[in-house]
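Here the structure comes first, spelled out in structure tokens, and everything after it is commentary.
The values are calculated or read from the model by the stated rules, or taken from the named source; none is laboratory data. Note that this is a predicted model, so its numbers are computed, not measured. Here the Cβ positions follow ideal geometry from the backbone for every residue, glycine too, while neighbour counts run over all protein chains shown.
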Amino acid sequence: MGVGLLGYVLRSKWRILSGTPCTRQPTTSGAHEARIGPFTPKASNGGSAADGVLNSGATAAIAHNGLLAIGIMRRLAQAWPGSAC
């Protein structure tokens, strides 16, 4: 992860989502968290991020920002033409 303020923000987000950084831990619902990346938060990197999500078998994803989310949705729409992405 990064250094400085951006690194602090990224580490804080991950701790909030997973309880402890960079580990897979079951939640009370039986779900697991896994970090895929890091990816630079740009739409052009969304395809690589989406491929990581698809290859992991995940059923949900949380993007770093809106630009990365747009790139992820574009790739998912390519992977499943006619889907509701």
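Taken over region 31-85, the criterion of being among the aromatic types (Phe, Trp, Tyr) and within 25 Å of Arg15 (Cα to Cα) is satisfied by Phe39 alone. Answer with yes or no whether Arg24 is at pLDDT below 90 and either in a helix (DSSP H, G or I) or within 9 Å of the chain's Cα centre (by Cα) (or both). When the stated conditions are applied, Arg24 does not pass them. Take the conditions (1) at pLDDT 75 or above; (2) part of a loop (DSSP other than H, G, I, E, B); Ala50 misses just one of them, which is (2).
Every listed requirement among (1) part of a helix (DSSP H, G or I); (2) surrounded by 14 or more Cβ atoms within 10 Å (Cβ to Cβ); (3) modelled with pLDDT under 70 is met by Leu6 save one, (2).
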